[in-house]
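Inspection log for the structure reproduced underneath, given as structure tokens.
None of the figures in this text is laboratory data; all of them are computed from the coordinates on show. It should be emphasised that the depicted structure is a prediction, and the values quoted were computed from it without experimental measurement. In this analysis, Cβ positions are derived from the backbone assuming ideal geometry, glycine residues included, and neighbour counts consider all displayed protein chains.
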């Protein structure tokens, strides 16, 4: 029971972190049709910028500086890069962001080296918030939830209550028509791309000391964020939210499940040994393949329901 | 009767056969190991890049799991070789790559049935998932993949159609060359078949293809499977050469490599990936020895091509075809020269900047010093930085001016040639 | 007992979301007939084509091709049953040459299907048939040009050629003369008449001269409903049609 509740909480925290990353990517993908491969790299930059900012100006400055820097970088990428590549087609845009992954990844390695950075939870937030069944729930995780919830509210307000938000919503599902109505869609694109990168940067600020800040973090987070975006569906932030929480739970819960398919077959009288034909696969405990489950779910949903959970258009 | 179009290929083939002997060490009666190793690598990468382009350039399919079939062919071949060594598989070495290809084909059929249900971005995402899944599985499962350590074999199986032992690198190289030639020929012929042409058609306009009686999904599926076959052949040769296959052979970096080679070489011409494979292998062997920042240069080159030259090197070369045939190529000589100088300055400045940065941060940890033409450069002093940044800025500015002049000359030269307008 | 119509539309309806575009269309197109569908913009003419050719699924009703239900079939299956169409916005293979565009259009009907063992340059019959098509379309001089580089009228001619190449005997042409000059239109009409000899032709058109020139039967579609259908003289005189559409031209 303890395990269930603790995992539930942790899954929620991780899910909200995923949502922060995935929401920016969904907005970009739904509107511009570009799957930004470099999104995980921007997340990484956010974490590194936050680390540097914390070193000189304290953690609270990092919350402001790192996302803004990431947003600026996003704007630069869109204006001087993506816009030019746009007329070469979708695959060219995909390839462009793909190339960015190399450049950003290597630049980070060059600037900060290969070892993880000592980006720690700030002392002010480093205490147990409450104790559940003997396990402490760190205040920092509560803080993460706060930030992500706040961001969710901010996005909702922006989209539903402002004029630019209305245009963004329109362009989310009907980009062509929105342009035909006379809105400055290129400007909207730049804003959305920069905004998405800003969100990724923010995610990096709070995720960088939750996980570890090192050059491999882009590759670690990248695939699962794609999974969330695809799973949630195009054109739907609600779907993205749902998918983030589901994936967060899946990854968190799978780590604590020690059974394997073989264990399930045992009461049926079927014994599977490691040496049997598929024995290796069937005797693996779910915990070990936890990282694969989201990918598996993405492949399945693309096969049977390509528009995702709540998507409005086909991927 | 030799067609004119075949000549470059025949020249390449002769060169490939003869090259090892140009570097032969006559005094000690041995081949230059480095040269043979690099040429062998090129052969395998040519097969990988060509098979990848069956998807990217020919069919408009952006696959992110191509290494999966290359690696699977490799893993399978290790097991085949082990079985042959134990006397259980009477297949000659020369036909092992064929078995590898069939293994790749089998896996591609299984995964292809899933992936090709979708097209465009959804297809890319499914292949991303497949690639990650298989790479992770390769790390975890021991029976077939050998876990982290991989699987090994000994290629001295003593089964050969020509009585060769394949003990020496040069013999393995000629095996690779022979198979690279066969694979390239088959892939070239395939582009001239109904399936090959319809793959092009579906790439250009899948709806039109539907209204001509073709199911684009079936076309995608068949192309994907055939591409897996050829990739598997490459993997088999890899296994024979290195006698070990690890999860690197199915990992994302190798898939990315295939993409780079096909795209930079030029995905709209058959020879493009060959060009790309040769170039990238050369650069990788050469540049990575001299610099830590190889990946940055690749990334920048890649992005530059995506933005300014999406048809790749082969595309740029072919653009000059009509001009050459019209006898006006010489008119471009001086404009090109005027581009080259600022271009080199910009590149030198950029490389200098990157290298200085690299040595400032990583290099100092590793105790290396930046050497240029024999003299050591101090990365902590201001002078080298000023020079590098100045070269880069001046180079870029001057390049922009020159490129406008070049564009005007190009317009004038190609005024009556619609095909040369990019 | 009347013969089976080439195409039969039985109470066909199509909605996109909440909007009903096609509101119960009943139409029979006889074999060998030259049938034009006209109507104001937004009437649903192209949507009707898309429904018949299988590009979109219908919401209700039935569509039959020579007595066989086709409304649930994918486009390639419908095409293989003998129905072919052209598009309002020129739809060809821009990166393939004119010759290859036409050759591809011939492949399926000649049984090549998904073969990856036949070498196309060696297929005599296929290549000869392509040559004949090229000459017929007056595109022989442009055979090696990438189709994307052709002039607009040439591309339209190519598309018509590709549409009839496969030997389909029910041809749907969506605004074949759109954007053409007077002489180009005359040429296109002659081409259409020639290549659809003995076949069933269904045409969406805005150019009334072309319609009255080519068509045996005209159907008028307004807001997803058929308001009149019959020979040209009848349509000319029909009051409802005059009010809704033809205006002064009907005089």
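What the table shows:
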| item | result |
| --- | --- |
| Peptides ranked, highest mean first, by Cβ atoms within 10 Å: ranges B:77-86, B:389-398 | B:77-86, B:389-398 |
| Inter-part distance where region B:23-52 and region C:200-219 are each reduced to a Cα centre, Å | 67 Å |
| Relative contact order (%) - criterion: Cα under 8 Å, at least six apart; region: chain C | 26 percent |
| For residues of B:199-207, the mean tally of beta carbons on other chains within 10 Å | 5 |
| Average beta-carbon neighbours from other chains, 10 Å sphere, peptide B:185-198 | 5 |
| Pairwise label distance in nanometres, residue C:216 with residue B:165, each label 7 Å out on the Cα-Cβ vector | 8.3 nm |
| Cα-based shape type of chain C, given that a ≥ b ≥ c are square roots of the gyration tensor eigenvalues and the cut on a/c is 1.5 | prolate |
| Relative contact order for region C:9-93, counting Cα pairs under 8 Å that sit 6 or more residues apart, in percent | 28 percent |
| Choice from A:150, A:15, A:124 showing the highest fluctuation, given a GNM over chain A with Cα pairs closer than 10 Å | A:124 |
| Cβ-based exposure ranking for B:192, C:180, in which fewest neighbours within 10 Å come first | B:192, C:180 |
| Cα centroid separation, region B:59-77 to region B:156-232 (Å) | 12 Å |
| Burial order of peptide ranges C:58-65, A:155-162 (average beta-carbon count within 10 Å, highest first) | C:58-65, A:155-162 |
| With Cα atoms, 0 to 90° folded angle of helix C:182-195 axis to chain C main axis | 80 degrees |
| Relative packing of B:224-232, C:26-34, B:13-21, which averages over residues the other C-beta atoms within 10 Å, highest first | B:224-232, C:26-34, B:13-21 |
| Between helix A:163-173 and chain A: long-axis angle, C-alpha atoms, 0 to 90°, nearest 10 | 60 degrees |
| Rounded Å value of the spacing that divides the Cα centres of region C:133-170 and region A:84-139 | 54 Å |
| Relative exposure of B:11, C:211, B:151, B:250, judged by other C-beta atoms within 10 Å (fewest first) | B:11, C:211, B:151, B:250 |
| Residues A:86, B:320 arranged by fewest to most Cβ contacts within 10 Å | B:320, A:86 |
| Averaged over C:84-91, number of beta-carbon atoms from partner chains that fall within 10 Å | 2 |
| Value of relative contact order over region A:1-134, rounded to a whole percent, pairs C-alpha under 8 Å and six or more apart | 27 percent |
| Shape category assigned to the protein assembly as shown from the gyration tensor of Cα positions, a/c cut at 1.5 | prolate |
